[in-house]
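The values are calculated or read from the model by the stated rules, or taken from the named source; none is laboratory data. Predicted, not measured: the structure shown is a model, and the values here were computed from it. Cβ placement follows ideal geometry from the backbone for every residue including glycine, while neighbour counts extend to all protein chains displayed.
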Amino acid sequence: MNAVLETPAGLAVRVRGVSVAYDGVPALRSVDLTVAPGGWVCLLGANGAGKTTLLHTIGGLVSLAEGDVSLGESAVASLGRRGVARLVARVPQRPDVPPAMTVVDYVLLGRTPHIPYLGVEGPSDLRAVAAVLERLELTELAGRRLETLSGGELQRAVVAVALAQEAPVLLLDEPTAALDVGHQLQVLELIDELRRERSLTVVSAMHDLALAGQFADELVLLSDGRVAAAGSPRSVLTQDNIERHYGATVRIVEDGDGRVLVLPSRRRSSPR
Amino acid sequence: MARTNLAEAPPGSLPKSAGLRPSRLRPGVVAAAVVVLLLAVAAGLLIGPVHLGPGRVLASLADRLPFVHLRSGLSPTDDAILWELRAPRVVLAGLVGATLAMSGASYQGVFRNPLADPYLLGVAAGAGLGATIAAVYLPAAAAGAVGILPAAAFVGGLVAAMLTYVLGRSGGPARSAGSLILAGVAVASLFTAAQTFLQQAHVQTLRQVYSWILGTLGTASWAQVRLILPYVAVSAFALLLHRRLLDVMGVGEEEARALGINPARVRATIVVAATLGTAAAVSVSGLIGFVGIIVPHTVRLIAGTSYRLIVPLSILYGAAFLILADIVARTAAAPEEIPIGVITALIGAPFFLVVLRSSSRSFR
């Protein structure tokens, strides 16, 4: 089938001086972040460092105490819910999937920002869904209920909903947390391919430092709601940074291709 | 599952495999539901102590159409039985059944709880208290068929639902679904306690209130049909418009927001529409239980789990179900009438347990 995925033009994401507080407790403190069109920035940091909140600010899901967020030329605050949803799609950390829904119905939900509020989908929505299903090799599973999918298939279905949104910015919140190492690599490779095909701007939050360093152009290390370090994987993934902000000892290894690998290691080897 | 041959599909179109088509109402499915409803209506008009005959009933129905003049052959008494007793009763049962079923389906979607029923937000308890107040303080006015009792029940139901909503909003963060349900439980307990207190103090009203609570369509009249029709129509219109958004609500608050909708507003609209319809239905029929659970879950089993199918089909099957249940209520122990709430509970309670057992697996 020659259905062509709509290719949204890359869109820059700009976060300027953003502070967010939940019930008076600060979650982000004057954070700046710039992601070039078609780039992939990965947010790192210990639990509670503010990764998910920063993703929420880009998606317009939290109200800002200070600062502003813009997508290309438009300020998120001025876009409205549907406007933001046309520009930003997100793959949630723990997708709350309706188990009895079929894959095709689920992926169609991604078209929600394009379907009139009280209307029903049109031919262009069905074409987009068919193209996404085909691209993610879900066509064969389209009629299956979500509860019958394997973990890897379900993760593809969740990514498919976000892709069906045809938004130029893709947010990933721990996209691989529930997957084994093989499926982790598959999902991240898939996202990288899609990013290149469709010039998506990707912002992800990840715990796996080794994977983050291999896929993202740039890493941003958050600590206690502030940006503690930002830059290339080599400059951010240092023993010192990780010890200070994660409280973990690691060894940093560079492989022959110049990629940085992070290996957790115990402080002393156990007595034999 | 049917295999999809992508090579044969024309470019840019959906392959015609069953799996690739999203849930939509198919004409055959709707036609089947309409046939079931028509059969139920026919049974409701024909079954009764006086035999009317299908041919004469059909002729009499056709005679009522504009520009058609037929002699039905029904005697004036039979004609009155058909048009003043059975027909309004069938229509009222249909309206009440449709409303309870679609409201139940909508509540289940919006609260993401398979056991949510139309009385979830305290409508039943509020209507009960309203009816009791009318019976106790305005006994003369409450006695008539379209007396003050339905109006009092309607107001009571709406007051309880509004109280639940206000309490639920103040109780939880961001008006979460859970805090609304808890508020509903609290309001229902309070209103039931008040109603019991009133009843104990005025035992002479027990019989009247009790028979209303068990539900009856025995006093059905065209006046009652006219009374609730506007509310039911508005409610059905609003819920049908929101049926796709009910599916979007299935992914949870945060994802629904990320998809560009405002879950709090969608929930508020649906709750108001469903509650309005339910309060109107309850005001004329009394508390008929389980319809809002039995019908939507049966529709799920036969048609699928998308609310785009469940809401419209629940309207049709809900109407048919209550018409049939009412036939049982008035014929099973003739000439006595069994309260229709007893019939629906006899069918519904075992059904409820089945849903409860399977819901831990398939609904979330």
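Taking only segment B:22-62 into account, find how many residues are among the small types (Gly, Ala, Ser) and under 30 Å from residue A:128 (Cβ atoms).
Qualifying residue count, segment B:22-62: 2.
Looking at (1) modelled with pLDDT of 90 or more; (2) surrounded by 22 or more Cβ atoms within 10 Å (Cβ to Cβ), find the lone condition where residue B:328 falls short.
Exception for residue B:328: condition (2).
Please find, among A:165, A:214, the residue that is on the phi < 0 side of the Ramachandran plot and in contact with a strand residue (DSSP E or B) (Cβ under 7 Å, 6 or more places away or on another chain).
Being on the phi < 0 side of the Ramachandran plot and in contact with a strand residue (DSSP E or B) (Cβ under 7 Å, 6 or more places away or on another chain) holds for just one of A:165, A:214, which is A:165.
Take residue A:244 and tell me if it is basic (Lys, Arg), outside any loop (DSSP other than H, G, I, E, B) and at pLDDT 90 or above.
Judged against the criteria, residue A:244 is not a match.
Residue B:79 versus (1) charged (D, E, K, R); (2) free of Cβ contacts under 8 Å to residues at least 24 places away in the same chain; (3) within 22 Å of residue B:148 (Cβ to Cβ): which is the lone unmet condition?
Failing condition for residue B:79: (3).
Please return the ranges of strands (runs of 3 or more DSSP E) entirely within segment A:150-239 where 3 or more residues are of a type in the set (Asp, Glu) and modelled with pLDDT of 95 or more.
none
Yes or no: residue B:65 more than 14 Å from chain A (Cβ to nearest Cβ) and either outside any loop (DSSP other than H, G, I, E, B) or at pLDDT 90 or above (or both)?
No; evaluated as a whole, the condition is false for this residue.
Taking residue B:57 as the residue in question, decide whether it is closer than 21 Å to residue B:189 by Cβ, in a helix (DSSP H, G or I) and out of contact with any Phe, Trp or Tyr (no Cβ under 9 Å at 6 or more places or on another chain).
Taking the combined requirement at face value, the residue does not satisfy it.
Name the pairs: first residue in segment B:218-236 and in a loop (DSSP other than H, G, I, E, B), second residue basic (Lys, Arg), Cβ to Cβ under 7 Å, at least 6 apart or on different chains?
Close Cβ pairs satisfying both conditions: B:220/B:89.
Is at least one residue of segment A:23-31 surrounded by fewer than 17 Cβ atoms within 10 Å (Cβ to Cβ), of a type in the set (Asp, Glu) and modelled with pLDDT of 90 or more?
no
Do you know which residues across segment A:111-128 are of a type outside the set (Ser, Thr, Tyr), at the interface with chain B (Cβ under 7 Å from one of its Cβ atoms) and more than 14 Å from residue B:21 (Cα to Cα)?
A:113, A:118, listed by residue number.
Could you please let me know if residue B:235 is away from chain A (no Cβ under 14 Å) and surrounded by fewer than 21 Cβ atoms within 10 Å (Cβ to Cβ)?
Criteria not met by residue B:235.
Taking segment A:75-86 only, how many residues are more than 8 Å from chain B (Cβ to nearest Cβ) and under 16 Å from residue B:263 (Cβ atoms)?
Going through segment A:75-86 one residue at a time, the tally reaches 1.
Tell me, please, whether a residue that is within 21 Å of residue B:23 (Cα to Cα), hydroxyl-bearing (Ser, Thr, Tyr), at pLDDT 90 or above and crowded, with 20+ Cβ neighbours inside 10 Å can be found in segment B:335-345.
So far as segment B:335-345 goes, no, none of its residues is within 21 Å of residue B:23 (Cα to Cα), hydroxyl-bearing (Ser, Thr, Tyr), at pLDDT 90 or above and crowded, with 20+ Cβ neighbours inside 10 Å.
Only one of B:270, B:261 is modelled with pLDDT of 90 or more, within 14 Å of chain A (Cβ to nearest Cβ) and either surrounded by 24 or more Cβ atoms within 10 Å (Cβ to Cβ) or under 17 Å from the mean Cα position of the chain (by Cα) (or both); which?
One residue alone meets the criteria, B:270.
Output the number of the condition that residue A:225 fails; it satisfies all remaining conditions of (1) surrounded by fewer than 20 Cβ atoms within 10 Å (Cβ to Cβ); (2) among the small types (Gly, Ala, Ser); (3) in contact with a Gly (Cβ under 7 Å, 6 or more places away or on another chain).
That leaves (1) as the condition not met.
I want to confirm something. Restricting to segment B:239-255 and keeping residues that are without any contact (Cβ under 8 Å) to a residue 40 or more places away in the chain and within 13 Å of residue A:117 (Cβ to Cβ), which single residue is farthest from the other protein chains (Cβ to nearest Cβ)?
Checked segment B:239-255; the qualifying residue farthest from the other protein chains (Cβ to nearest Cβ) is B:245.
If I go through segment A:129-143 residue by residue, how many of them are part of a loop (DSSP other than H, G, I, E, B), within 9 Å of another protein chain (Cβ to nearest Cβ) and surrounded by fewer than 20 Cβ atoms within 10 Å (Cβ to Cβ)?
So the answer is 1.
Does segment A:87-109 include one or more residues that are more than 9 Å from every other protein chain (Cβ to nearest Cβ) and under 18 Å from residue A:215 (Cβ atoms)?
yes
Residues B:98, B:80: which one is under 16 Å from residue B:220 (Cβ atoms) and either surrounded by 15 or more Cβ atoms within 10 Å (Cβ to Cβ) or in contact with a Lys or Arg (Cβ under 7 Å, 6 or more places away or on another chain) (or both)?
B:98
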